[in-house]
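Here is the structure we will look at, set down as structure tokens.
The values are calculated or read from the model by the stated rules, or taken from the named source; none is laboratory data. Note that the structure is predicted; figures quoted are calculated from it, not measured. Here Cβ is always computed from backbone atoms with ideal geometry, including for glycine, and neighbour counts include all displayed protein chains.
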Amino acid sequence: MNGKLYLVGIGPGSLEHMTYAARRAIEESQVIIGYRVYIDWIAGDPVGSSLLEGKQIIRKEITEERVRARLSIEKACEGSIVALISGGDVGIYAMAGLVFEILSERKESKTQLPPIEVIPGITAAQAAASLLGAPLMNDFACISLSDLLTPWDQIARRLQAAAQADFVICLYNPQSHRRTWQIQEARRILLHYRSPETPVGIVSNAYREGQEIVITTLEEMTHHPIHMSTVVIIGNRSTWVLDKWLITPRRFSGSSCGDGF
Ligand code: SAH
């Protein structure tokens, strides 16, 4: 078997934020598989389109995750070098987990597995944080508000725990056309533990067309546009605002020794 499967995180949007390793993996691959929108971004960029030239390109819809994962595995097993691409990081709310789940089913049936390499990408929280300044300087938690794959009770418990423990909180999948009450409910839970004045950064379409950055408060946050391409970063008790920047100090107030930053 000479095939190989690259699981590639292509970053938040612009090609500038795609790693060199991601480019190399795409360059080396004969087959590129991904959600239509991500492939179209690459194809819409002059450098990106040259990366795709002469390759078999398989664009799938957002709901077809299992199809994408299976197809990538099959093509790699047949001997092709395949890049399965995801936005941001491929291992953060993305395709890598599903691929390994399917591979583990195959392993049980004693099928030979293709070699795999996972290429990390800049995830939405990092992209948003860079546009906001330095909100993730201390411990933080990422929580997805999508209750399609995780029951809401579990999400609510995680929100409570993270709020209680004073983590900065990054909300992924905060709102969609259908899921509108979850962000309101998240705000209500967080207000039990944090002041209404807690600084909040809302970043939509980071490093993509339509990029928007808003700095607001926990009290006011739901009065601003929040959708499927938005990450919401909720400050901890020490987070503060300087002009258009959201900053969480690296040092807890009261601590006196640095630890290597
Ligand atoms: N694998 C992706 C996350 C996919 S989950 C990553 O590592 O970034 C999809 C969610 O990610 C969206 O609902 C949104 O909350 C967030 N997201 C992805 N790209 C984004 C971007 N460019 N700007 C803001 N949020 C983004």
What residue, among those in the stretch 108-129 that are small (Gly, Ala, Ser) and not in a loop (DSSP other than H, G, I, E, B), is farthest from the ligand (Cβ to nearest atom)? Ala129
Looking at Ile155, is it at pLDDT 95 or above and within 21 Å of Ala127 (Cα to Cα)? no
For the stretch 189-213, name all the residues that are farther than 12 Å from Ala129 by Cα, out of contact with any helix residue (DSSP H, G or I) (no Cβ under 7 Å at 6 or more places or on another chain) and either without any contact (Cβ under 8 Å) to a residue 24 or more places away in the chain or not in a helix (DSSP H, G or I) (or both). Ser195, Pro196, Glu197, Thr198, Pro199, Asn205, Arg208, Glu209, Gly210, Gln211, Glu212
Test set (1) part of a loop (DSSP other than H, G, I, E, B); (2) more than 9 Å from the ligand (Cβ to nearest atom) - Ser146 fails condition number: (2)
Scan of the stretch 149-196 for residues that are farther than 20 Å from Thr222 by Cβ, within 16 Å of the ligand (Cβ to nearest atom) and either of a type outside the set (Val, Ile, Thr) or under 16 Å from the mean Cα position of the chain (by Cα) (or both), ordered by number: Leu149
Determine if the stretch 231-254 includes at least one residue that is under 19 Å from the mean Cα position of the chain (by Cα) and in a loop (DSSP other than H, G, I, E, B). yes
Keeping to the stretch 1-40, report how many residues are more than 14 Å from the ligand (Cβ to nearest atom) and either crowded, with 20+ Cβ neighbours inside 10 Å or over 18 Å from Lys60 (Cα atoms) (or both). 19
Which ones in the stretch 93-119 are β-branched (Val, Ile, Thr) and either touching a residue at least 60 places away in the same chain (Cβ under 8 Å) or touching a Pro at 6+ places or on another chain (Cβ under 9 Å) (or both)? Val99, Ile116, Val118, Ile119
